[in-house]
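These notes concern the structure reproduced below.
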């Protein structure tokens with residue numbers, strides 16, 4: 001009896017400690033949260049509201065375009081050339097779209113605007129999401145918007161789907177459009193970050209994050225992922241998921257991923273289509289950019305020499321020993337802001353001394369705020385043997401502010417590359433300037449319009465339109481061009497004297513092979529890249545953003561914006 | 001007799017395998033630890049730039065022959081102490097992915113393949 005009492009007593013004491021410790025931890029976290037003024041909440045709401053409206057409108061228009069295209073194609077045979085043209089037109093009219101595709105009722109891919117040869121085979125491959133006719137009846141006149149998942153090209157995003165019908169009105173397949181959610185939100189995030197000092201992240205109402213300026217958080221579920229398990233973060237996650245709008249404060253990591261800081265957030269809901277709710281959350285945890293005046297940025301030549309030293313080391317000691325040295329944050333391959341990164345040719349991280357948790361992860365689809373696929377550009381440059389490449393990345397020396405980065409990369413062998421980078425301070429993108437998303441959308445629309453017109457009117461008509469300053473194709477501040485796969489310039493509004501000449505040999509002061517890179521990017525399916533290029537009439541080199549798409553296997557169209 | 005024959009064949013096979021393994025390891029080790037000439041090549045416009053880093057026979061290197069897909073080797077002198085050799089115009093009209101070979105020609109007349117790499121010209 002006495003023993004029983006003792007045991008019960010001990011259990012009771014243990015339970016008391018367990019319960020009270022939980023209370024203490026919880027109290028510690030909540031007690032430290034500072035109250036937020038109504039004025040601040042109001043300011044944040046005022047910044048968020050127009051953006052929620054904008055995204056709602058954009059998704060509404062997008063779904064409307066998809067729906068209307070489906071109705072145009074109802075009863076049209078898939079062999080009819082009008083089908084491919086309608087899909088291409090839809091891709092043009094939705095700048096944030098990846099691929100536009102048709103599937104039959106068994107979810108077999110019938111046709112696509114993109115060459116999906118690496119991931120999907122026409123007539124064979126199946127869509128991973130299955131919808132029934134009943135699903136579309138339930139959706140009524142809305143399109144179904146999928147959850148964040150893998151798209152047909154292997155990247156992630158959401159898919160907008162609507163039903164297709166034959167002449168008799170029988171359900172006979174689906175029209176699906178893959179949406180690049182990064183592209184949809186990154187432009188407005190840059191605007192918010194640079195104009196107001198806020199940032200946005202977007203989550204589905206089930207907790208799955210579809211956008212965050214830190215790409216490592218995208219695809220995580222904030223209700224279940226271990227990253228978000230502190231009591232205040234869990235409370236915030238549940239509150240945000242359960243309520244269409246509101247405000248909340250919580251503790252979360254700052255950009256160093258070491259310190260927990262109070263983050264205040266307001267959110268609102270976007271209804272992008274049938275079956276989906278997105279919570280657009282605006283938070284105030286944007287760190288102030290701190291510049292160390294003593295920091296001396298190495299020159300491009302010093303950067304190259306640093307990478308070459310690592311290359312020689314890797315060739316001499318072998319891959320394993322070299323990667324161990326590159327991954328050592330206190331090793332000899334750290335020099336001021338320079339460190340050696342290494343990647344497999346498939347985008348797998350092999351060395352990142354300051355982010356060891358990322359080693360082994362694949363970053364093939366990683367994008368910068370302007371949609372430049374960083375790894376794909378780096379790998380393309382390495383496959384030329386090596387050289388300089390530009391992109392935007394968070395600068396750890398400036399509190400992880402997004403800055404313009406110049407990297408030098410080298411192919412070590414067919415399986416991996418190494419490189420290092422420096423942040424370029426003479427670029428406006430490093431100083432709270434940004435490319436307006438409307439400008440980016442114009443760039444995409446112009447190029448996709450040329451792609452569409454090349455199919456309908458022929459490439460020679462497009463070439464004439466590019467060179468005609470009065471043509472409907474022209475947009476202020478954009479400079480369209482066309483080039484063949486052999487490097488012959490067909491049209492160029494910025495450098496008309498180049499028309500008819502072969503420009504494979506074109507280089508800038510850093511030895512970057514501009515035409516070769518443009519062709520390589522187009523052959524990879526199109527995309528965005530930065531470059532340094534002499535702008536007429538002075539030919540002074542300036543930074544440019546180029547977007548290029550293939551029109552067929554031998555001709556490519558593109559356009560560019562001069563940055564600043 | 002048959003057993004003896006089998007043992008002999010097995011010994012020969014084991015010896016061959018060991019020789020192959022040790023030989024391959026030796027070749028790899030030698031190329032890693034003491035390369036004759038450590039170099040790299042990269043495309044810049046219509047040029048290919050070959051950079052010479054270090055190696056046991058750098059001082060003996062007098063010429064480098066560059067071949068694209070094994071055709072039309074272009075030979076350039078390597079001036080003493082020169083680190084970068086520019087093959088001007090060798091990539092004119094070349095597109096796609098190609099094999100590029102670099103052979104070293106040494107003072108004693110020997111020719112050795114120093115680097116073979118796959119370059120993506122476009």
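Every number here is computed from the coordinates shown, using simple stated rules; none is lab data. Since the model is a prediction, treat every value here as computed from it, not as a measurement. All Cβ positions, even for glycine, are placed from backbone atoms using ideal geometry, and neighbour counts span all protein chains on display.
See the values below:
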quantity	calculated
Taking N as its residue count, the alpha carbon Rg of the stretch A:440-514 over 2.2 N^0.38 Å	1.13
Helix-derived mean residue ellipticity, 222 nm - over chain A, DSSP H n ≥ 4, -39500 (n - 2.57), to 500	-11000 deg cm²/dmol
Cα gyration tensor shape for the protein assembly as shown, rounded if a/c is under 1.5, else prolate or oblate	oblate
Hydrodynamic radius by Kirkwood, which averages 1/r over all alpha carbon pairs of the stretch A:36-135, in angstrom	16.2 Å
Where only alpha carbons of the stretch A:115-168 are counted, the Rg and the Dmax (Å)	13.0, 36
Ascending count of other beta-carbon atoms within 10 Å, so fewest first, for A:205, A:492, A:93, B:59	B:59, A:205, A:93, A:492
R0 of 35 Å, Cβ-Cβ distance residue A:221-residue A:121: FRET efficiency to nearest 0.05	0.65
Peptides ranked, highest mean first, by Cβ atoms within 10 Å: ranges A:452-462, A:39-49	A:452-462, A:39-49
Average other protein chain Cβ within 10 Å of Cβ, residues A:313-322	3
Taking the C-alpha atoms of the stretch B:67-122, convex hull volume expressed per residue in Å³	93 Å³
Descending principal axes extents, the stretch A:188-274, alpha-carbon based, whole Å	39, 31, 23
Kirkwood Rh and Cα Rg combined as Rg over Rh, evaluated for the stretch A:217-315	1.20
Separation of alpha-carbon centers, the stretch A:216-246 and the stretch A:407-486, rounded to whole Å	37 Å
Over the stretch A:126-267, volume per residue of the alpha carbon convex hull, in Å³	147 Å³
When the stretch A:401-485 is reduced to its Cα atoms, the Kirkwood hydrodynamic radius in Å	16.2 Å
Linear extension gain, residue A:206 paired with residue A:149, 0.36 nm per residue minus alpha-carbon span	19.2 nm
Residue mean of other protein chain beta carbons inside 10 Å, A:375-386	4
Calculated over the stretch A:167-227: convex hull of Cα atoms, volume per residue (Å³)	146 Å³
Value of D in µm² per second that Stokes-Einstein yields for the stretch A:436-564, Kirkwood Rh from Cα pairs, at 20 °C (1.002 mPa s)	149 µm²/s
Overall form of the stretch A:71-111 per C-alpha gyration tensor (a/c, 1.5; a/b vs b/c)	oblate
Pairwise centroid distance, computed over Cα atoms, of the stretch A:74-91 with the stretch A:323-377, Å	42 Å
Average other protein chain Cβ within 10 Å of Cβ, residues A:513-521	4
Residues A:354, A:313, A:547, sorted so that the one with the fewest Cβ neighbours within 10 Å comes first	A:354, A:313, A:547
Burial ordering of A:235, A:131, A:250, fewest other beta-carbon atoms within 10 Å first	A:235, A:131, A:250
Prolate/oblate/rounded call for the stretch A:294-381, Cα gyration tensor, a/c under 1.5 rounded	oblate
